[in-house]
Amino acid sequence: MTTSVAPARITADAEILVDDRRAQAEGLGRRLADDLNDPDAFAETLRDGLAALSDPAYLAGQRRVAPGIGDLHGVRWPLIEAVKRGFRDATKRERTSSWLFAADRLLREPKLEARWFAFGLFERLVADEPERTWQLLRRASRGAADWITVDSLAHPVGKGILNEPYRWAELEQLVYSPSRWERRLVGSTIATIPFIDHRRGRDPDVARHGLGLIGELIGDDQADVQKALAWALRSLTLVDRDATTAFLVEEAIRAAETQDGHRAWVIRDVLPKSDVGAAARIREQLDGIRRRSDAPATSRAAETAGRFDDGRLGKPVPEPPLS
């Protein structure tokens, strides 16, 4: 006989568990500060501490919402944030030069939570040690294989772009990646930037760059990418509503003319956050156009990426080692 537990009871139990373990998590973060000069010890302390914070019920839930996700402890996100907070409080006056090697070491840990903790280190490192941190960010993006990791990585990537706007070129390269997760990172970074810094992240240049990149990727045939593109467009309505609406109108015309279900799905998903009048007209235009799993990608990026196969656009250059 199958029994079920009410969602309210599950939520209450989770809140109790987090409250009970928050001090333990913050203490772990403070202890990590003592191991910063020994990357292996740092990784071991974090590994053992996260294992003690794990929750089998949460682990099962993570596997449900992100099928195929890699190896996990199963630590609830508020507790991971508490570990980061404890570490941040213990190191706020410390120089970050040794953090690069700790972060590099964490990217080689088998459990994903260690890598997610490293992303928190990147948020400070990307300001203090930008060039070497971008090497690690690129490596992390190449190794990402689930939406939770990708969307967590979007925050330090977005912060790095706001600090140095020429870093938009990093995302421009990813639109051609054969990895759907790297292409998703383009969308999730654009979606996140307006919330990283409410002033710089909502500058009209953010919409200009973001819409240009989405214009390259819209028509992608992967659902994980499509969801991130729709999320990005919803965020850009907060940055430049008129430009985003004009983009949707133009892409809806293209989708209707070509019966492009991939493009139409993304546009529809944005309409609840769009101008009411334009949304009504677009819904009518796209009526009956549905995405099909067997339909090929129609994006400009997919067409261009095909040329990588014969070497006409060059081959990727491996990152040099940290020094």
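May I ask you to list the residues in the range 155-186 that are touching a Lys or Arg at 6+ places or on another chain (Cβ under 9 Å), of a type in the set (Gly, Ala, Ser) and either under 13 Å from Gly210 (Cα atoms) or free of Cβ contacts under 8 Å to residues at least 60 places away in the same chain (or both)?
Matches in the range 155-186: Gly160, Ser179.
When Ser97 is evaluated against the numbered criteria (1) closer than 25 Å to Ala140 by Cβ; (2) in a helix (DSSP H, G or I); (3) among the small types (Gly, Ala, Ser); (4) free of Cβ contacts under 8 Å to residues at least 40 places away in the same chain, which criterion, by number, is the only one it fails?
For Ser97, the failing item is (2).
I need the full set of residues from the range 211-242 which are part of a loop (DSSP other than H, G, I, E, B), charged (D, E, K, R) and open to solvent by 20 Å² or more (accessible area, probe 1.4 Å), in order please.
Within the range 211-242, Asp221, Asp240 qualify.
Kindly provide the set of residues from the range 23-34 that are open to solvent by less than 20 Å² (accessible area, probe 1.4 Å) and in contact (Cβ under 8 Å) with a residue 60 or more places away in the chain, ordered by number. Please lay out each step first, then the result.
Taking the range 23-34 and keeping what is open to solvent by less than 20 Å² (accessible area, probe 1.4 Å), we get 25, 27-29, 32.
Hits for the range 23-34 are Ala25, Gly29.
With respect to the numbered conditions (1) closer than 24 Å to Val150 by Cα; (2) part of a helix (DSSP H, G or I); (3) charged (D, E, K, R), which one is the sole condition not fulfilled by Asp19?
Answer for Asp19: the failing condition is (1).
Mind listing just one residue for me: the one in the range 274-321 that is among the hydrophobic types (A, V, I, L, M, F, W, C) and at pLDDT below 60 and, of those, surrounded by the most Cβ atoms within 10 Å (Cβ to Cβ)? Explain how you work it out, then say what you get.
At the first step, the residues of the range 274-321 found to be among the hydrophobic types (A, V, I, L, M, F, W, C) are 276, 278-280, 282, 286, 289, 295, 297, 301-302, 305, 308, 313, 317.
With at pLDDT below 60 added as a condition, the list becomes 313, 317.
Working: Leu313: 12, Val317: 6.
Per the stated criteria, the residue is Leu313.
Quick one: in the range 35-54, which of the residues that are in contact (Cβ under 8 Å) with a residue 40 or more places away in the chain and open to solvent by less than 30 Å² (accessible area, probe 1.4 Å) is farthest from Lys111 (Cα to Cα)?
Out of the qualifying residues, it is Leu36.
The values are calculated or read from the model by the stated rules, or taken from the named source; none is laboratory data. Every value quoted in this text rests on a predicted model; they were computed, and no experiment measured them. Here Cβ is always computed from backbone atoms with ideal geometry, including for glycine, and neighbour counts include all displayed protein chains. These accessible areas exclude ligands, DNA and RNA; they are computed on the full protein's heavy atoms, side chains included. Shrake-Rupley method; radii C 1.70, N 1.55, O 1.52, S 1.80 Å.
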